[in-house]
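Notes to accompany the following structure.
Read-outs: derived from the displayed coordinates by stated rules, not from any lab. As the structure is a prediction and not an experimental result, all values here were calculated from the model. Don't worry about glycine lacking a Cβ; one is built from the backbone with ideal geometry, like all the others, and counts go over all protein chains shown.
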Amino acid sequence: MGKRGKDLEPSPEKTYVNQAPFGSMYPKERLARSTIIISTGYTGLDGVAMTSLRRALRAKGLEYRVVKNTVTAIAGQEVGLPEVEQVLQGPTGLVLASGDAVEAAQALNDYLRTSRLSLTVRGAVLGGRVLSPADLTALVNLPPRPVLAGQVAGRLAGLLTALVSRLNAPA
């Protein structure tokens, strides 16, 4: 007969006494390095759709994680992002990006548009600010950072050219 009840000794790798649950091991470090955190509801997605979503986002350098709201809210408090708690409601999946926030939002939007998934975007945290779904839509419509930098440089060059031509013009 095998051991039963309190005679059963847990193996060292399965001892959970005084250890944090699995979910709390990753949010702290990942939340701390994320430039944007997009909150979604994943209800209604089957395993195939979830795997497809994760693969597509991973190809763009993003990470999609289903999280426990309480553990993630505590992790957000610990890393100085208490705003995360405001976008955690119901069954929650987070898109975590450590690169350009605009490109991350655009990558998620593009995937949702092409795959026609019924993933609800609830909001996001960007730079300590909570963004509504409408704010995220506006963010998606921004051109990428290199294009914006090119536009600013072009306008500055135009202003400098106009200034030089006026200074060189005969009086």
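State whether segment 26-105 is rounded, prolate or oblate according to the following rule on the C-alpha gyration tensor (a ≥ b ≥ c being the square roots of its eigenvalues): a/c under 1.5 gives rounded; otherwise a/b larger than b/c gives prolate, and the remaining case gives oblate. Display every interim value, and only then the final one.
Numbers: a/c = 2.09, a/b = 1.25, b/c = 1.68.
Because a/c hits 1.5 or more and a/b fails to exceed b/c, segment 26-105 counts as oblate.
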Next item on the list: Quote the Stokes-Einstein diffusion coefficient, in whole µm² s⁻¹, for segment 56-171, based on the Kirkwood radius over alpha carbon pairs, a temperature of 4 °C and a viscosity of 1.567 mPa s.
Entry: 77
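Quick check on segment 94-151: what does the Kirkwood estimate of hydrodynamic radius come out to from the alpha carbon pairs, in Å? Mind dumping the intermediate values first?
Numbers: mean 1/r = 0.0824 Å⁻¹.
Hydrodynamic radius (Kirkwood, Cα only) of segment 94-151 equals 12.1 Å.
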Checklist line | Mean Cβ neighbour count within 10 Å, used as a protection proxy, ranking 120-130, 160-170, 49-59 highest first | finding: 120-130, 49-59, 160-170
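Set the Förster distance to 22 Å, then compute FRET efficiency between ASP46 and THR114 from the Cβ-Cβ distance, nearest 0.05.
Numbers: r = 18 Å, r/R0 = 0.81.
FRET efficiency, ASP46 to THR114: 0.80.
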Next item on the list: Lys and Arg at +1, Asp and Glu at -1: add these up for the other residues within a Cβ distance under 12 Å of ARG145 and post the number.
Entry: -2
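Find the Rg to Rh ratio for segment 66-124, where Rh is the Kirkwood radius over alpha-carbon pairs and Rg uses the same atoms.
Numbers: Rg = 12.6 Å, Rh = 12.6 Å.
Taking Rh as the inverse mean 1/r over Cα pairs, Rg/Rh reads 1.00.
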Checklist line | Segment LEU163-LYS60, length gained on full extension (0.36 nm per residue, minus Cα span) | finding: 32.8 nm
Item checked: In sequence order, calculated HN-Hα J values of segment 47-55 (Karplus, 6.51, -1.76, 1.60; Hz; x Gly/Pro) -> x, 5, 5, 5, 5, 4, 4, 4, 5
Item checked: Residue-wise HN-Hα coupling along segment 90-98, computed from phi with Karplus coefficients 6.51, -1.76, 1.60 (Hz; x: Gly, Pro) -> x, x, 10, x, 10, 9, 10, 10, 9
